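I have placed the structure first, in the form of structure tokens, so that the comments after it can refer back to it.
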Amino acid sequence: MMRYPNLEDIELIDIPKISDPDGRGNLSVIEKELLPFPIKRVYYLYDVPSDSSRGGHAHLELQQFLVALSGSFDVVLDNGVDKRIITLNRPNKGLIIPNGIWRELESFSAGAVCLSLVSDVYKEEDYIREYDAFLSFKRGQSNP
Ligand code: TYD
């Protein structure tokens, strides 16, 4: 049984965009049907120095939807075997990160804002914060 999420299956998804016919800019809407999980919490990262990284953990259960509301940043996804980097730089594109994926957010542009819609309230016990523990966890998952 395949237990490692395939990083190739993780794609940017389009957030509906309503362009104003009179040139007053764009409006994007996230309704619950867009996401594969009910939203329980919303938070956002901002004022992140360009040489800092965020994330550096995986979640046991929590699923996440990230949007670069402003500016850009890179998301490094890691399933314990492979890594993939996805750049978020448009407010009408979002990235769903399934549970069981190690993620690092880095290379934040000046003024970048990362919106995060997530499937659960904050629970420290849902985090795997040590990379070695993450690898052990993934190896355990792949065993019959
Ligand atoms: P963390 O999830 O480690 O942030 P990041 O992955 O972006 O680096 O959280 C950083 C700190 O903020 C940590 O002490 C926990 C706290 N925190 C909350 O109290 N509530 C929350 O909803 C979140 C996301 C973090």
Efficiency of FRET from Cβ geometry, K32 and N89, R₀ 22 Å, rounded to 0.05
0.30
Per-residue ³J(HN,Hα) for region 84-92, Karplus 6.51 cos²θ - 1.76 cosθ + 1.60, θ = phi - 60°, Hz, x for Gly and Pro
8, 10, 10, 8, 9, 8, 9, x, 10
Per residue Cα convex hull volume for the chain, in cubic angstrom?
121 Å³
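Taking the solvent-accessible surface of protein heavy atoms with a 1.4 Å probe, what is the per residue accessible area of the chain in Å²?
Working: 8440 Å² over 144 residues.
I get 59 Å² per residue for the chain.
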Let's see if you can work this out: charge +1 on each Lys and Arg Cβ, -1 on each Asp and Glu Cβ, no other charges. What is the dipole magnitude of region 7-138 about its Cα centre, in debye to the nearest 20?
280 debye
Roughly what would the spin-label model give for S70 and D82, points 7 Å off Cα along C-beta, in nm?
3.6 nm
Gaussian network model of the chain, Cα springs within a sub-10 Å range: biggest mean-square fluctuation belongs to which of S53, S19, S72?
S19
Expected output is a single nm value to one decimal: the length gained when fully extending between Y43 and D132, i.e. 0.36 nm times separation in residues minus the C-alpha distance. What is it?
29.3 nm
Defining a contact as two alpha carbons under 8 Å apart and six or more residues distant in sequence, what relative contact order in percent does region 57-119 show?
50 percent
If one compares the long axis through the Cα atoms of helix 131-142 with the longest principal axis of the Cα atoms of the chain, the angle in degrees, nearest 10, works out at 70 degrees
Build a GNM of the chain with springs between Cα atoms under 10 Å: which of I85, I18, I97 gets the top mean-square fluctuation?
I18
If I take every Cα pair under 8 Å that is 6 or more residues apart in the chain, average their sequence separation and divide by the length, what percent do I get for the relative contact order?
33 percent
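Contour minus end-to-end for K123 and S109, with contour as 0.36 nm per residue of separation and end-to-end as the Cα-Cα distance?
Full-extension gain reported as 2.2 nm.
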Local electrostatic count, L105, Cβ distance below 12 Å [Lys/Arg +1, Asp/Glu -1]:
-1
Between beta-carbons, use under 11 Å as the cut-off and find the net charge around E8, counting Lys and Arg +1, Asp and Glu -1.
-2
Reachable lysines, given that their alpha-carbon falls under 26 Å from the alpha-carbon of K32 and they are not under 8 places away in the same chain
K17, K40, K93, K123
Sulfur and carbon atoms: percent of accessible area, the chain [1.4 Å]
50 percent
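The values are calculated or read from the model by the stated rules, or taken from the named source; none is laboratory data. Computed from a predicted structure; not experimentally measured. Virtual Cβ from ideal backbone geometry, glycine too; neighbours counted across all protein chains shown. SASA here: full protein model, heavy atoms, side chains in, ligands and nucleic acids out. Shrake-Rupley method; radii C 1.70, N 1.55, O 1.52, S 1.80 Å.
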